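Only one structure is covered here, and it is reproduced in the block below.
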Amino acid sequence: MKLRLVLCLVAAGACSTSKTAAPAASGAPGATRAARHAALAVPPLVAHEPRIADFDVEHYALELTLDPATRSIAGTCTVRLWPRIERLGQFELDLVGLDVSAVRDADGRALEFEQDEDSIAIELARSLSPDEFARVSIDYSGSPARGLYFVGDEGEGPTHVYTQGECEDARYWFPCYDFPNDRATSEIAVTLPPKWTSIAAGTRIDRRELDGGRAREHWSMNTPHPTYLVTLCAGEFTVTEARWQNVPLLFAVPPKLAPLAERTFEETDEVLTFLSDVTGFRYPYPKYAQTCVDDFRFGGMENISATTLTDDCLRDELGLRDGTTTSLIAHEAAHQWFGDLLTCADWSHIWLNEGFATYMDLLYVEATRSADVFHERLRGTLESYLGGDVGARRRPTVWNVYREPFDLFFDGQTYPGGALRLHHLRFVLGDELFFKGLREYVWSNAGRSVVTEDFQRAMERASGQDLEAFFQQWFHSKGYPEFSVSWKWDEDAKELVVDVEQVQDSADGTPAVFRAPVEVLFGAGKDVQTKRLQVTKRQETFRIGADVQPNWLAFDPRLCLPRRADVEYEPDEAGWLMASAEASVAELGARELARIARDTSAALDDRAYALVRLTSYGSRHASAAVRRISALAAVVSTDPDVARRTEALVRQTTGAEVESGAAELEVLRELTVLDPEASVRAAAWEALAAFPPSTELVDRAKREVLEAGFSWQTRIQAARLVALAEAKRGAEHARAWLGQCLAIPSPHGEFQAGILGVLGELEGERALDVFQRWLDDERAPDQARQAAARALGAHGRAVKTTRIVLERHLDAHEFQRTGAVLDALFQLGDAASIPAVRRFAEQPLDARQRRACERILSANWASNATGG
């Protein structure tokens, strides 16, 4: 699964919980946080042992009828199962929120059953021995609270439906053994409206038109898989087909977004080829489908042979310039091996699904893009991990202590942490042994439920090495090393002396000493050397022979280690640049570095080093002129890595520094039209807004906005520049301009969302009426409505009715918008919202919504609530 990191921070979705009513007065004055949490019936934080059933389900056959008008289903689930114990007289399946009307065996005999709030216990007609199987059919119906979602309502009822089983939500739409360590084949026969089509796992057997204006489609999946991967998407889709090595590829999207599908999915065949090659195991299923749905709860979900994606990934040319969805496509495709073909046996090993998929995406970037793009993506992965593995969220990668399984998806360990540990193992073993072990792991465990020890044993067989200490340190222990590194030159010995100290706090159980290999890169001019060190102590000194005195050193430059590192530069490092405090001399140094960085004929290492020094130098030097030059370095380069660095450098420019910067103004203008990266152009427009506006610049910004511009983000920033200029003439001029911008459509409302943000920046509380209109407008695109909700939370604290406006939009059927509303209510900080939040929390929410409600009910201001 790919989490929606942009919209939901490091959030993840649905998992099971009982539907329990809240105590009426738990939010009363003086109530403790624990009491307020009790309103949510939060499961306790406990260690979860692997679930073991006394039977093995071999096959699920679902006969399902969809009723979009009532958001309900009626169906029959037939299970074929075998005993795992000597005599099996009854068995229990998971089922939540749906009503069972009858149960019968293969001979049609009615069977006794007992249903409670989260399961159904079935009494067999007679006890079975391990060499006998039972075939039992269960009739059930109802409106699923989770697991199956009717979406896309455009005034005439939902236009499509999708299922989402991970972690344990399959039980909300059919009776099953809902845990990842049991694998079964499955089939689905679905009756649906005549204009609808369906996508499910495996192969479509047939489609038949039925009497009464209905249709029936039948799908079958013959590869055993866990129940959370059983899938159904059905609705008014435009479906296109292609082929990869004779495997059918299906792309199903909402009709209005169909023109955007080809560009979005254009690398699917290359991704499948790469993954087949790197694993040594050809794509193993009869087809691969990718279906885009409205209001999806994640970026994507790797249902077996049939990935479900958010329709936000369907982007026009402007949106693709702001960022492609190739990473999402690759991540979900990688799960077809890591997660579907091999599945974590229990949730404590979920990194085997998500860490591998994250690293496969990185490997695809390494194979198809430049080394610099791979390095920048790897750096982003490291930063994401370091930001998540902190404080109370610190835990070992393999961890079974949680309240709900999806809690393990919220921190940094499962996705980036797992990927970085794989990258470190690759560094330890070398490419040949690492990829040999990867293929051994896949081949020896295909079609199985796996734990981390299975991966360890495969890597040990392939490498011939004992990896017990490695896996204990990196997967069963907490945290990561934090290095403080200093160095100096010993002229007499002609040696580089490197002091390495591990400074991580071990009070929380993080190892005081991590033992690991690490590279150092050092040099002077073109003379660059690499040395591999073996760190084994809390504090140690390494002496490295060198022919010439280096003037710089990089610690772990290829990011092969999950770590933090602070490298202390000696005062004479790059002394020709740093020694003088005079701005004139320093400017010459900065200009020389800028020249190197911009020189496309220069060695890439030289250019990268120049950029690193400029970033450091520009941020610490007192001279505004030096900071400006540093900010504008490397602007002509077309290298993607350089372009992203330029974005950060441009953002250093502030209004106080640029009042007379004619040269800088001209460079920024060039950036807005010449740079190949949309992020850099947008940053340049943002920086230009700090300059005194000129008529020529405002007119050019208007053309960027009104004449389709370069990307949606560049248009937003250009619109902001115009709005700031118009505001100098009067607030009504800025409001009129932004109103004109809000009339410009974008595929998902991303442009309108950005303009609403600009309006909030300029007017704040004075724009609450606009934000409310957009939030209430059911015809408005959802990204804009989400932005309006968050703007109300940011700017509406002084207006008591803001809370009431937001509370009206707490709707369990609208996941993304409700998430924005909960964020807004938290930011609003109005204790009067507690009763409404508590009532909303009484529903069977998924983990993200539950945590959002907890955050509100746990806030200091929440103690002022008076019950509800």
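The values are calculated or read from the model by the stated rules, or taken from the named source; none is laboratory data. Owing to the predicted nature of the structure, the values given are computational and were not obtained by experimental measurement. As a convention, Cβ positions derive from the backbone with ideal geometry for all residues, glycine included, and neighbour counts pool all protein chains shown. The protein model used for the area step is the full one, side chains on, heavy atoms only, and it has no ligands, DNA or RNA in it. Shrake-Rupley method; radii C 1.70, N 1.55, O 1.52, S 1.80 Å.
Mind listing the Cα extents of the stretch 315-397 along all three principal axes, in Å, largest one first?
So the three principal-axis extents are 40, 33, 25 Å.
Any chance you could check the Cα centroid distance between the stretch 316-345 and the stretch 382-434 for me, in angstrom?
Distance between centres, Cα-based: 19 Å.
Give me the dipole magnitude in Debye, nearest 20, for the stretch 327-398 about the Cα centre, with unit charges on the beta carbon: positive for Lys and Arg, negative for Asp and Glu.
Once rounded to the nearest 20, the dipole reads 240 debye.
Between the stretch 776-811 and the stretch 206-270, how many Å separate their Cα centres?
The stretch 776-811 and the stretch 206-270 have Cα centres separated by 35 Å.
I'm a student and want to see the number: the projected area of the Cα convex hull of the stretch 731-796, averaged over all directions, in nm².
Taking the Cα atoms of the stretch 731-796, their convex hull projects to 3.7 nm² on average.
Under the rule a/c < 1.5 gives rounded, and otherwise a/b versus b/c splits prolate from oblate, where does the stretch 122-169 land using the Cα gyration tensor?
Prolate.
Please compute the length gained on full extension between residue 373 and residue 156, using 0.36 nm multiplied by the number of residues separating them and subtracting their Cα-Cα distance.
Length gained, residue 373 through residue 156: 73.5 nm.
Would you kindly give the portion of the calculated P(r) for the stretch 287-332 that falls above 16 Å, as a percent of all Cα pairs?
Everything past 16 Å amounts to 37 percent.
For an R0 of 60 angstrom, estimate the FRET efficiency from the Cβ-Cβ distance between residue 765 and residue 110 and round to the nearest 0.05.
Once the sixth-power term is evaluated, E becomes 0.40.
Translational diffusion coefficient, Stokes-Einstein: compute it for the stretch 242-318 using the Kirkwood radius over C-alpha pairs as Rh, at 10 °C and 1.306 mPa s, and state it as an integer in µm² s⁻¹.
Estimated diffusion coefficient is 121 µm²/s.
Please give me, ordered by residue number, the GluC sites (Glu not before Pro) of the stretch 455-519 that lie in loop per DSSP and have at most 16 other Cβ atoms within 10 Å.
Passing both the DSSP loop test and the Cβ count: 491.
Can you give the FRET efficiency to the nearest 0.05 for residue 506 and residue 431, using r as the Cβ-Cβ distance and R₀ = 35 Å?
Efficiency for this residue pair is about 0.60.
Any idea what % of Cα-Cα pairs in the stretch 227-385 are farther than 19 Å?
55
Please compute one quarter of the surface area of the Cα convex hull for the stretch 312-453 and express it in square nanometres.
9.7
What are the extents of the Cα atoms of the stretch 58-130 along their three principal axes, listed from largest to smallest and rounded to whole Å?
The principal-axis extents, from largest down, are 47, 23, 21 Å.
With an 8 Å Cα cut-off and a minimum separation of 6 or more residues, compute the relative contact order for the stretch 284-382 in percent.
Taking the mean separation of contacting Cα pairs over the length of the stretch 284-382, I get 19 percent.
Given the convex hull over the Cα atoms of the stretch 139-206, what projected area results after averaging over all orientations, in nm²?
Mean projected area for the stretch 139-206: 5.9 nm², to one decimal.
At a probe radius of 1.4 Å, what is the per-residue accessible area of residue 99, in Å² to the nearest 10?
Result for residue 99: roughly 100 Å² accessible.
Please compare each pair in 2/287; 436/537; 702/728 to a cut-off of 19 Å on the Cα-Cα distance and tell me which ones are over it.
Check vs 19 Å cut-off fails for 2/287; 436/537.
Ignoring everything but the protein chains, give the 1.4 Å probe accessible area of residue 335 in square angstrom, nearest 10.
That residue has around 0 Å² of solvent-accessible surface.
Can you give the Rg to Rh ratio for the stretch 405-498, taking only C-alpha atoms and Rh from Kirkwood?
Ratio of gyration radius to Kirkwood radius: 1.13.
Carbon and sulfur: what percent of the stretch 353-401's accessible surface (1.4 Å probe)?
Ligands and nucleic acids excluded, carbon and sulfur reach 56 percent.
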